[in-house]
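Notes follow once the structure below has been shown.
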Amino acid sequence: MRTAMRQATEWLAAAATDPRECKRQWHGELGIAVLACGRFWDVLSVPEELAMPALDALLGIPQPPGPALEDACARRVAFFLPPDPAGRWIGSGIRYSGKGAWIAVPAPNRTAGRLRWLVPPNGTGALFVPAAVELALQLALGRLSAQARTRRRCPTCGAPAAEGRPSSDPAVARRQAAARDGAAP
């Protein structure tokens, strides 16, 4: 285990302009180093609500996963992908970082705090397969869309409506009844 962590540390630090300084930063007060994208990996940052179900799906396939980093404050997850100079990802809230971009990362053994590894680097250079990530994100988006369609919302404030109970507000109750019956309020 110790050797695997050392390999992960060396692999991750190799992306720094000064690997020794990178390791010092990891042992410093903040425990964070800023590393360049585009050499060993590119990074796809996705909103947490979409990323977590996608990550669950990716961890279910029989292929070693790449690193996945969570920014708990920004509520985003970063998937580490192979470098692709022509790479483009399009989607609401999707951010793709390649050559010329930088990412703040904790030491590979950090699994708590604002920046933490959901899947730490394993030192072998394993990265997520872009096509698998794309498919997992599409599946997660489909599930989220289906869940959103099945949730009923209050027509006045947008809050989730209580199932089977009409509102105590007469105007809202009329709108609910009209929506149920397909008539205009």
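The values are calculated or read from the model by the stated rules, or taken from the named source; none is laboratory data. Because the structure is predicted, anything quoted here is derived from the model rather than measured. Cβ sites come from the backbone with ideal geometry, for glycine too, and all protein chains shown count toward neighbours. To get the accessible areas, we keep the full protein, side chains included, count just its heavy atoms, and leave off ligands, DNA and RNA. Shrake-Rupley method; radii C 1.70, N 1.55, O 1.52, S 1.80 Å.
Residue by residue through the range 53-72, note down the ones that are open to solvent by 70 Å² or more (accessible area, probe 1.4 Å) and touching a strand residue (DSSP E or B) at 6+ places or on another chain (Cβ under 8 Å).
LEU59
Does the range 99-137 hold any residues that are in contact with a Lys or Arg (Cβ under 8 Å, 6 or more places away or on another chain) and either under 17 Å from CYS37 (Cβ atoms) or assigned to a helix (DSSP H, G or I) (or both), and which are they?
Of everything in the range 99-137, those that are in contact with a Lys or Arg (Cβ under 8 Å, 6 or more places away or on another chain) and either under 17 Å from CYS37 (Cβ atoms) or assigned to a helix (DSSP H, G or I) (or both) turn out to be LYS99, PRO106, TRP117.
Could you say whether any residue in the range 108-115 is under 16 Å from the mean Cα position of the chain (by Cα), at pLDDT 90 or above, on the phi < 0 side of the Ramachandran plot and of a type outside the set (Phe, Trp, Tyr)?
yes
Six or more apart or on different chains, Cβ atoms under 6 Å: show the pairs whose first residue is in the range 37-54 and in contact (Cβ under 8 Å) with a residue 12 or more places away in the chain and at positive phi and whose second is of a type in the set (Gly, Ala, Ser) and open to solvent by less than 40 Å² (accessible area, probe 1.4 Å).
These pairs meet every condition: GLY38/GLY98.
Within the range 41-59, identify whether any single residue is assigned to a loop (DSSP other than H, G, I, E, B) and more than 17 Å from the chain's Cα centre (by Cα), and answer yes or no.
no
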